[in-house]
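Below is one structure, written out as structure tokens; the observations come after it.
The values are calculated or read from the model by the stated rules, or taken from the named source; none is laboratory data. Not measured: the values here are computed from a predicted model. Methodologically, a virtual Cβ is constructed for each residue, glycine included, from the backbone with ideal geometry; neighbour enumeration extends over all protein chains shown.
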2 protein chains.
Amino acid sequence: MKKKNIIELTRIDTEGYRHLKKRPLKVVCDNVRSMHNIGALFRTSDAFLVDEIILGGISGCPPHPEIAKTALGAENSVAWRHVDDTLTELLSLRNEGWKILVLEQTHGSIPLQLYNRPEEERAVLVIGNEVEGVDQAIVDIADACLEIPQYGTKHSLNVSCSAAIALWQLLPS
Amino acid sequence: MKKKNIIELTRIDTEGYRHLKKRPLKVVCDNVRSMHNIGALFRTSDAFLVDEIILGGISGCPPHPEIAKTALGAENSVAWRHVDDTLTELLSLRNEGWKILVLEQTHGSIPLQLYNRPEEERAVLVIGNEVEGVDQAIVDIADACLEIPQYGTKHSLNVSCSAAIALWQLLPS
């Protein structure tokens, strides 16, 4: 099988992307500190037509050379904004009818593969800080907590990897 | 819902992990240069009980401070080895009955979600260099090329993110 070259990998340009219909899913970063993780998240969100990335609290924001290094331009295609207070923003989105899905291992969390998201459900996926995870006050207002079952020695996955898995699962091709 | 603390997130220790039955899937890195990507891959492989990571060519190897920073110890739980010549290694694995699955966008590649892997199939997932992808000579000997459908402006995902998605899909919980 011949690998596709960059021309055969037909992709839309940034201007065209802006007009493309997005999937009704936003990603909210609750204090995601690493620029590498933010950059990778932009690239995954670009690929899967995420509605918007909301960078909360101390989450890294473009423009930043470390984000650019992993986002490779996806920071210019995916809509994003920064909010100081993530909890207030989520309460407001919930009032507008968005479902709050938190990616976190909690008592009562649902294994990710068992969450059946209706295709048109407007949902927000909240991912958390590399060390602390998602803040308990945010977990408290979640409609559901989703957990990626893990069988090894470590307590969590890298946050850009778990976000990628969750977006793949919640936004089926 | 209350977040689980580190004690409630019961995890096995490194010694116990060595004796745990692994899934029959190896990950082969074809010149994966970034230590951050290698570290994140170790963590994902630890979580999903990957049989072994084979670090081919110029792929970064433990011990390395940048790998440790993202692997967070998973470089001590997951079995790994380095090979100079990835193609020769894959030919040898294929002779032993391992199926060669390449994560690459090729003419004739299968959308990842459509590949039905029998649970006990012994398979090798090959992931490629951050810029060049998987070498064409390796693609040429693949039993199947798997592609993650992407709808945005960028031509690929971050390699640790695409590996995470592929492992999640190929090793269902």
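What to note about this one:
- Boolean, residue B:100 is under 30 Å from residue A:155 (Cβ atoms) and either within 9 Å of chain A (Cβ to nearest Cβ) or surrounded by 15 or more Cβ atoms within 10 Å (Cβ to Cβ) (or both): no
- Scan of region B:63-83 for residues that are more than 9 Å from chain A (Cβ to nearest Cβ) and of a type outside the set (Gly, Ala, Ser), ordered by number: B:63, B:64, B:65, B:66, B:67, B:69, B:75, B:80, B:81, B:82, B:83
- Failed item in (1) at positive phi; (2) surrounded by fewer than 17 Cβ atoms within 10 Å (Cβ to Cβ); (3) at pLDDT 95 or above, with residue A:73 passing the rest: (3)
- Scanning region A:20-43 for residues that are in a strand (DSSP E or B) and either aliphatic (A, V, I, L, M) or without any contact (Cβ under 8 Å) to a residue 24 or more places away in the chain (or both) turns up A:25, A:27, A:28.
Table: residues versus (1) under 17 Å from residue B:134 (Cα atoms); (2) at pLDDT 95 or above.
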| position | (1), (2) |
| --- | --- |
| B:10 | no, no |
| B:18 | no, no |
| B:25 | no, yes |
| B:28 | yes, yes |
| B:33 | yes, yes |
| B:37 | yes, yes |
| B:42 | no, yes |
| B:45 | no, yes |
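- Of the residues screened, residue B:30 is not one that is within 10 Å of chain A (Cβ to nearest Cβ) and crowded, with 19+ Cβ neighbours inside 10 Å.
- On the stretch given as region A:3-19, residues that are in a loop (DSSP other than H, G, I, E, B) and out of contact with any Gly (no Cβ under 9 Å at 6 or more places or on another chain) total 8.
Residue by residue, here is whether (1) polar (S, T, N, Q); (2) within 29 Å of residue B:45 (Cβ to Cβ) holds:
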{"site": "A:86", "(1), (2)": "yes, no"}
{"site": "A:89", "(1), (2)": "no, no"}
{"site": "A:96", "(1), (2)": "no, no"}
{"site": "A:103", "(1), (2)": "no, yes"}
{"site": "A:116", "(1), (2)": "yes, yes"}
{"site": "A:134", "(1), (2)": "no, yes"}
{"site": "A:137", "(1), (2)": "no, no"}
{"site": "A:148", "(1), (2)": "no, yes"}
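- Test for residue A:124: is it surrounded by 23 or more Cβ atoms within 10 Å (Cβ to Cβ), under 16 Å from residue B:42 (Cα atoms) and more than 7 Å from chain B (Cβ to nearest Cβ): no
- Filter result for residue A:133 (crowded, with 21+ Cβ neighbours inside 10 Å, on the phi > 0 side of the Ramachandran plot and at pLDDT 95 or above): yes
Listed here are the residues, each with its yes/no results for (1) within 26 Å of residue A:69 (Cα to Cα); (2) facing chain A (nearest Cβ under 7 Å); (3) surrounded by fewer than 20 Cβ atoms within 10 Å (Cβ to Cβ).
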{"position": "B:17", "(1), (2), (3)": "no, yes, no"}
{"position": "B:23", "(1), (2), (3)": "no, no, yes"}
{"position": "B:35", "(1), (2), (3)": "yes, no, no"}
{"position": "B:43", "(1), (2), (3)": "yes, yes, no"}
{"position": "B:57", "(1), (2), (3)": "yes, no, yes"}
{"position": "B:61", "(1), (2), (3)": "yes, no, yes"}
{"position": "B:91", "(1), (2), (3)": "no, no, yes"}
{"position": "B:94", "(1), (2), (3)": "no, no, yes"}
{"position": "B:106", "(1), (2), (3)": "yes, yes, no"}
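- Cβ pairs under 7 Å, 6+ apart, first in region B:118-145 and free of Cβ contacts under 8 Å to residues at least 24 places away in the same chain, second crowded, with 18+ Cβ neighbours inside 10 Å: B:136/A:3
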